[in-house]
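Chemist: Let me give you the structure first, and then I'll get to my questions.
The values are calculated or read from the model by the stated rules, or taken from the named source; none is laboratory data. Because the structure is a prediction, the values reported are computed rather than measured. Methodologically, a virtual Cβ is constructed for each residue, glycine included, from the backbone with ideal geometry; neighbour enumeration extends over all protein chains shown. For accessibility, only protein heavy atoms count, side chains too; no ligands or nucleic acids. Shrake-Rupley method; radii C 1.70, N 1.55, O 1.52, S 1.80 Å.
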Amino acid sequence: MASSSSSGLTFKLHPLVIVNISDHYTRVKSQMNPPPLTSTSATVNGVEPLQQAPRVYGCVIGVQRGRTVEIFNSFELLYDPSTHSLDRPFLEKKQELYKKVFPHFYILGWYSTGSDAQESDMHIHKALMDINESPLYVLLNPTINPAQKDLPVTIYESELHVIDGIPQLIFVRSSYTIETVEAERISVDHVAHLKPSDGGSAATQLAAHLTGIHSAIKMLNSRIRVLHHYLVGMQKGDVPCENSLLRQVSSLLRRLPAIESEKFQDDFLMEYNDTLLITYLAMFTNCSSTMNELVDKFNTAYDRHSRRGGRTAFI
Amino acid sequence: MNSVEGLVTQIQGLSSSASDVLSLHNVLKQADDSLHAESTRLLPFLDQLDPSKHSLGYLYFLEACTAGPVTTESASSFVLIIARFISSCAAEQIRLAPDKFISVCKRLKDQVLFLEEPLRAVAPMLAAIRKLQSSTENLTTLHPEFLLLCLLAKCYKTGLSILEEDIFEVDQPRDLYLYCYYGGMICIGKKCFWKALELLHNVVTAPMSTINAIAVEAYKKYILVSLIHHGQLSTSLPKYASTVAQRNLKSFCQPYVELANSYTNGKIADLEAYVQANMEKFGSDNNLGLVKQVVSSIYKRNIQRLTQTYLTLSLQDIANTVQLNSPKEAEMHVLQMIQDGEIYATINQKDGMVRFLEDPEQYKTCEMIERVDSSIQRLMTLSKKLTVLDELMSSDPMYLGKVGRERQRFDFDDFDSVPQRFNI
């Protein structure tokens, strides 16, 4: 698997594809086997529960205009492990249906999940070559790595390379960009902010909402810090002065606080104070309830003459 | 004498490092009785020891020296020696023998009281507290002594500085009672009534297994301060007060409770008559000054009640309603209350009308934000401490024992196959 492709095609990936693939994977994984109870019970039984991540397969469709390949959508396919190929009749049926609705879309390739492209994937890849001369292989890595900053999605192309004197098709990685339409941005935003459905209490939902805001503000803060650092470096002379960047930064800054009047200050401070007071009140209540419990316990434990052996409702 | 000189050389030799000091401590503990036996002859040996380096040894010698009765000639010289020792001693060394240190400081207090110059011991005692405390949240036995000296010396401000700190750990309950009682008196002296109320409240509601005299005196002052500050007295103690206090305190403070009753009725004449009748009882408790303040505060209370009914009122009407003698007196009272921030009003001198206003605080300033923010921070630390205490209490065997015993005989747990968790 070589590193970069030389075909010169630019790839644009729409977020709908990524959401589709991850949704497919999650559904299959959660339907496959129930989660193991505890690790101790698993080893006691002597049988390790099936922990392998399932691989899911599907097709990606989109448009190719000149040198730009834009991947718009995807749909799922069943993988037949006996023939090591994807379900062909189903694929053709789906292709016909999609052609009716989106006449411009072609099958551009296929997708799967896993950490790296494997040898067996080449079979599937070659099988698709009769529909599209050079199909794409979109790979999503479902393992969650908190240190990773980029999306775990890679796009592979196939190229004919001569290895050990034998011409072979191997996968080569290509770079891609994410392209969004406004409608997609709204839906992705909506999906990203889904609250857990069984966290029905207002407290967990509020906490989830506030955590989202907190992380957004943290990211904003870190990005502004980067900009600031850059500008300071520019001022000191470590970094060469780039006027276009400076113009962009200044236009960004001018978009900030739109209102500066005194009435705004008043209202803003009053609302800020109100929120602080409500937080204070909530903390007070919380603290008082803890104190109350503590006093009750203390009285039960140490006060000799309280409760003279009466049975309390203890459920 | 030989043993004493040997001890002196040992102290001089063994005072350098921490492990040496520990072994020195053991030596000194064993030699304590012999030191006490020779207490009259120890004074010249003190000069051979340096209080800052040989603090532990100096402490033992000093404690043995001052063990005798207090006389005028020895008192002033001892006061100087002890004060100098406290200011220069090393805190880690004296923390090894805290009770000796405490007894030395108590002797200091006795001597300045004997000389009737309590002011001389205020600063050394403050330094002693700082050296003995393991943290600012710790209450030592020296705290109430210090406050007593401040009270007698009438330097309330220094006392107030110690009272600012929050206390979380207490060595001896008696210290807490005395500390809060004296602290309450200092705050009354500074006219900081809300803090006095808080401190006296602490004494009255502190856990106690039997009623004690400090709590009774504190409750008397608590009633009076509560009348001055709040205008009313809550009839029952909160549930975190010990049951002995809840049952018995009122019976010991009968005249004060009746005073509170006649105060809340609002009739000044009745109140004054009652005070006149029980003058000796109040006087014997040294509470006459407070009682007089209570009587003068009833005017303030009545004027405050007027703000809830009227928007504007003439000074003459105020004087009539509140039973003051003249509009001039009413004007003085209202002016004083506006200055103290107890009411919000404007006096129109042309026609003698008073307009009562609302609280002008709009809660939209940055200072208010900072105040609320700092209160929230304080509350967060307090909340953390409370959860820790709650967990400690939940795992306390005394609590678990009593709770386990009081369970009903059959829970729904008994119908499960899971065995009971408490077999107490």
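Chemist: Which cross-chain or sequence-distant (5 or more) residues have an amide H under 5 Å from the amide H of B:Val170, H modelled 1.01 Å from N in plane?
Modeler: The answer is B:Leu139.
Chemist: Summing -39500 (n - 2.57) over the DSSP H runs of n ≥ 4 in chain B and dividing by its residue number, what mean residue ellipticity at 222 nm do you reach, to the nearest 500 deg cm²/dmol?
Modeler: Details: 22 runs with 287 residues, N = 424.
Helix contribution divided over all residues of chain B: -21500 deg cm²/dmol.
Chemist: How are the Cα pair distances of the stretch A:56-149 distributed, in percent, across 10 Å bins from 0?
Modeler: 15, 47, 29, 9, 0
Chemist: Using amide H atoms built in the peptide plane, which far-off residues or other-chain residues are under 5 Å from A:Gly58 H to H?
Modeler: A:Leu77, A:Tyr111
Chemist: Can you pull out the chymotrypsin sites (Phe, Trp or Tyr not before Pro) in the stretch B:135-190 that DSSP calls coil and that have at most 14 other Cβ atoms within 10 Å?
Modeler: Values: sites: B:Phe146, B:Tyr156, B:Phe168, B:Tyr177, B:Tyr179, B:Tyr181, B:Tyr182; in loops: B:Phe168.
For chymotrypsin sites (Phe, Trp or Tyr not before Pro) across the stretch B:135-190 that sit outside H, G, I, E and B with at most 14 neighbouring Cβ atoms in 10 Å, the list reads B:Phe168.
Chemist: Something else now. Between the chain alone and the structure with every protein chain in place, find the residues of the stretch B:231-257 that drop at least 20 Å² of accessible area; heavy atoms, 1.4 Å probe.
Modeler: When all protein chains are present, B:Lys239, B:Tyr240, B:Thr243, B:Arg247 each give up 20 Å² or more of accessible surface.
Chemist: Considering the convex hull of the alpha carbon atoms of the stretch B:247-384, report its projected area averaged over all viewing directions, in nm², one decimal. Display every interim value, and only then the final one.
Modeler: On the way: hull surface 51.9 nm².
Dividing the Cα hull surface by four gives the mean projection, 13.0 nm².
Chemist: Next question. What are the residues whose amide H is under 5 Å from the amide H of A:Val239, where those residues sit 5 or more places off or on another chain and H is modelled from the backbone?
Modeler: Amide H neighbours of A:Val239: A:Met234.
Chemist: In nm, to one decimal, how far is the modelled label at B:Cys366 from the one at A:Ile170, with both set 7 Å along Cα→Cβ?
Modeler: Roughly 6.4 nm, to one decimal.
Chemist: Continuing with the same structure: For chain A, what does the accessible surface come to per residue with a 1.4 Å probe? Please give it in Å². Write down the numbers at each step before the final one.
Modeler: Details: 21700 Å² over 315 residues.
On a per-residue basis, 69 Å².
Chemist: Per the 1.4 Å probe, what fraction of the accessible area of chain B, in percent, lies on carbon and sulfur atoms?
Modeler: On the way: 11950 of 22330 Å².
Within chain B, the accessible surface is 54 percent carbon and sulfur.
Chemist: Taking θ = phi - 60°, what integer Hz values does the Karplus form 6.51 cos²θ - 1.76 cosθ + 1.60 yield along the stretch B:339-355, in sequence order, with x for Gly and Pro?
Modeler: Whole-Hz 3J(HN,Hα) from phi for the stretch B:339-355: 5, 6, x, 7, 9, 10, 7, 10, 9, 9, 6, 5, 10, x, 9, 10, 9.
Chemist: Using the reciprocal of the averaged 1/r over all distinct C-alpha pairs, how large is the Kirkwood radius of the stretch B:30-141 in Å? Numbers along the way, then the final one.
Modeler: Values: mean 1/r = 0.0707 Å⁻¹.
Over the stretch B:30-141, the inverse of the mean reciprocal pair distance is 14.1 Å.
Chemist: Angle between the Cα long axis of helix B:366-394 and the longest principal axis of chain B, 0 to 90 degrees, nearest 10?
Modeler: 60 degrees
Chemist: Continuing with this model, one more query. Expressed in nm to one decimal, what extension gain is obtained for the pair A:Lys236 and A:Asp296 from 0.36 nm per residue of sequence separation less their Cα-Cα distance? Please list the in-between numbers first.
Modeler: Values: separation 60, 0.36 × 60 = 21.60 nm, distance 6.40 nm.
Answer, rounded to one decimal: 15.2 nm.
Chemist: Any idea what the relative contact order of chain B is, in percent, if you count C-alpha pairs under 8 Å spaced at least 6 apart? Don't skip to the answer; put the middle values down first.
Modeler: Details: 422 pairs, mean separation 28.2, N = 424.
Relative contact order here is 7 percent.
Chemist: Residue-wise, which Karplus ³J(HN,Hα) couplings in Hz belong to the stretch B:193-198, taking 6.51 cos²θ - 1.76 cosθ + 1.60, θ = phi - 60°, and x for glycine or proline?
Modeler: 6, 5, 6, 4, 4, 4
Chemist: If you don't mind, another one. Projected area of the stretch B:12-67, taken from the Cα convex hull and averaged over every viewing direction, in nm²?
Modeler: Working: hull surface 14.0 nm².
For the stretch B:12-67, the mean projected area of the Cα convex hull comes to 3.5 nm².
Chemist: Also, I was wondering about something else. Given 37 °C and 0.692 mPa s, compute D for chain B with the Stokes-Einstein relation, Rh being the Kirkwood radius over Cα pairs; round to the nearest whole µm²/s. Could the numbers behind the result be given before it?
Modeler: Values: Rh = 26.3 Å.
Once the numbers are plugged in, D ends up at 125 µm²/s.
Chemist: May I ask for the distance between the Cα centers of the stretch A:67-91 and the stretch A:105-172, given as a whole number of Å?
Modeler: 12 Å
Chemist: Right, here's the next one. Please report, to two decimal places, log10 I(q)/I(0) for the stretch A:125-183 at q = 0.23 Å⁻¹ as given by the Debye formula with identical point scatterers on the Cα atoms and no solvent.
Modeler: Once normalised to I(0) and log-transformed, intensities are -1.01.
Chemist: Another question about this same structure. Mind checking the angle between helix A:15-32 and chain A's longest principal axis? C-alpha axes, 0 to 90 degrees, to the nearest 10.
Modeler: Approximately 70 degrees, to the nearest ten.
Chemist: Okay, next question. Mind checking the per residue accessible area of chain B for me, 1.4 Å probe, whole number of Å²?
Modeler: Working: 22330 Å² over 424 residues.
Accessible area per residue: 53 Å².
Chemist: Right, something else. State the percentage of accessible surface on the stretch A:210-290 attributable to carbon and sulfur atoms; use a 1.4 Å probe and exclude ligands, DNA and RNA. The partial results should precede the final answer.
Modeler: Numbers: 4330 of 6790 Å².
On the stretch A:210-290, the fraction of accessible area on carbon and sulfur atoms equals 64 percent.
Chemist: Modelled label-to-label distance, A:Asp150 and A:Thr26, 7 Å Cα→beta-carbon offset: nm?
Modeler: Going by the 7 Å Cα→Cβ label model, 2.4 nm.
Chemist: Still on this structure: Output the residues of the stretch A:275-294 meeting this criterion: accessible area (heavy atoms, 1.4 Å probe) in the chain alone minus accessible area with all protein chains in place is 50 Å² or greater.
Modeler: So the qualifying set is A:Leu276, A:Tyr280, A:Met283, A:Cys287, A:Thr290, A:Leu294.
Chemist: Could you check the simple spin-label distance between B:Ser34 and B:Ala273, using points 7 Å along Cα→Cβ, in nm with one decimal?
Modeler: Placing both labels 7 Å beyond Cα along the Cβ direction yields 7.7 nm.
Chemist: Could you work out the percent of alpha carbon pairs in the protein assembly as shown separated by over 32 Å, rounded to a whole number? Before the final figure, lay out each step's value.
Modeler: Values: 204913 of 272691 pairs.
The answer is 75 percent, as a whole percent.
Chemist: Here's a follow-up. Just to be sure I understand the interface: list residues from the stretch B:383-404 that lose 50 Å² or more of accessible area between the chain on its own and the complete protein assembly, 1.4 Å probe.
Modeler: B:Leu386, B:Asp390, B:Met393, B:Tyr399, B:Lys402
Chemist: May I ask you to derive the relative contact order of the stretch A:152-285, considering only C-alpha pairs under 8 Å and at least 6 residues apart, and to give it as an integer percent? Could you put the intermediate results ahead of the total?
Modeler: On the way: 42 pairs, mean separation 12.5, N = 134.
Reported relative contact order: 9 percent.
Chemist: Once phi is turned into θ = phi - 60°, what whole-Hz ³J(HN,Hα) does the Karplus curve with 6.51, -1.76 and 1.60 give for every residue of the stretch B:177-192, x standing for Gly and Pro?
Modeler: Each residue's phi maps through the Karplus curve to give 4, 5, 4, 5, 5, 5, x, x, 5, 4, 5, 4, x, 8, 6, 9 Hz.
Chemist: Whole Å is fine, so just give me how far the alpha carbon centre of the stretch B:157-171 lies from that of the stretch B:262-289.
Modeler: Comparing the Cα centres of the stretch B:157-171 and the stretch B:262-289, I get a distance of 32 Å.
Chemist: Once the piece of chain linking B:Val27 and B:Tyr240 is laid out straight, how much longer is it, given 0.36 nm per residue of separation minus the C-alpha distance between them? Mind dumping the intermediate values first?
Modeler: Details: separation 213, 0.36 × 213 = 76.68 nm, distance 4.66 nm.
Between B:Val27 and B:Tyr240, full extension yields 72.0 nm more.
Chemist: Once A and B are treated as a pair rather than alone, how much accessible area drops out, both sides summed, in Å² to 100, probe 1.4 Å? It would help to have the intermediate numbers written out before the result.
Modeler: Numbers: alone 23510 and 24170 Å², together 44030 Å².
So the buried area, both faces added, is about 3700 Å².
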